[in-house]
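These notes are about the structure you will find just below.
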Amino acid sequence: MTASRIAKVALIGVAVAAMAACAPRRPVEGATGPGGADQGVNIPAYPGPGTGAIEGGGIGSGAPGSENDFVVNVGDRIYFDLDSYQISPEAYPRLDAQAAWLQRYPQVTVRIEGNADERGTREYNLALGARRAESIRNYLIERGVSAGRIDTISFGKERPIAQGSTEEAWARNRNGRTAIASGAQ
């Protein structure tokens with residue numbers, strides 16, 4: 001890889017991280033508290049770096065091509081709206097960065113993990129997690145990543161990253177994670 005190409009890739013990484021840090025906050029439709037009163041809760045569409053629940057988006061950590069490089073410099077997780085498996089526009093920069101990283105390291109295989117919040121039945125959340133994982137997989141394939149390098153699994157509500165029964169915890173647990181399965185340095 002030429003020095004100018006490496007510089008371009010680094011610049012793209014910085015731009016993606018900057019966009020992630022500036023993700024807008026939006027109100028959650030139908031967020032209610034006890035008695036059904038509207039709480040006016042603002043949940044980030046995609047929490048991004050610095051929220052404490054996830055890693056990713058920072059620049060400057062990990063050997064190039066390592067799992068740590070992927071998690072810290074690209075980001076491994078995107079977030080979904082309630083009862084949805086549609087990828088939000090706020091997640092596009094992170095998924096585009098994942099696709100670029102995976103194209104740069106063609107020996108790496110990944111497993112997309114679909115997750116849901118605690119509400120709903122186990123069966124419903126497993127199915128929703130599977131659809132979320134497939135959405136991410138299809139997005140990465142459309143961006144040029146070989147389908148043979150991507151597996152999917154649903155954990156439903158079984159592996160929360162945020163504890164509690166609050167809108168914030170639920171929003172963080174509605175996610176899809178791209179985990180390095182093999183081939184990273």
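The values are calculated or read from the model by the stated rules, or taken from the named source; none is laboratory data. These numbers were taken from a predicted model, which means no experiment stands behind them. When we count neighbours, we look across all protein chains shown, and the Cβ atoms used for this are built from the backbone with ideal geometry, even at glycine.
Points to keep in mind about this one:
- Residue that is farthest from Val108 (Cα to Cα), among those in the range 132-145 that are crowded, with 19+ Cβ neighbours inside 10 Å and of a type in the set (D, E, K, R): Arg132
- Within the range 115-135, one or more residues are of a type in the set (Val, Ile, Thr) and over 26 Å from Ala63 (Cβ atoms).
- Some residue of the range 99-107 being among the aromatic types (Phe, Trp, Tyr), surrounded by 21 or more Cβ atoms within 10 Å (Cβ to Cβ) and within 15 Å of the chain's Cα centre (by Cα): yes
- Residue satisfying all of: in the range 140-183; hydroxyl-bearing (Ser, Thr, Tyr) and assigned to a strand (DSSP E or B); nearest to Gly75 (Cα to Cα) among these: Thr178
- Boolean, Gly148 is more than 14 Å from Val108 (Cα to Cα), without any contact (Cβ under 8 Å) to a residue 40 or more places away in the chain and more than 16 Å from the chain's Cα centre (by Cα): no
- Inclusion of Val110 among residues that are buried (at least 21 other Cβ atoms within 10 Å of the Cβ) and more than 15 Å from the chain's Cα centre (by Cα) is not warranted.
- Qualifying residue in the range 165-179 (condition: among the β-branched types (Val, Ile, Thr), buried (at least 19 other Cβ atoms within 10 Å of the Cβ) and within 18 Å of Leu95 (Cα to Cα)): yes
- Complete set of residues in the range 116-139 that are of a type in the set (A, V, I, L, M) and outside any helix (DSSP H, G or I): Ala116
- From Ala97, Ala133, residue being at pLDDT 95 or above, out of contact with any helix residue (DSSP H, G or I) (no Cβ under 9 Å at 6 or more places or on another chain) and not polar (S, T, N, Q): Ala133
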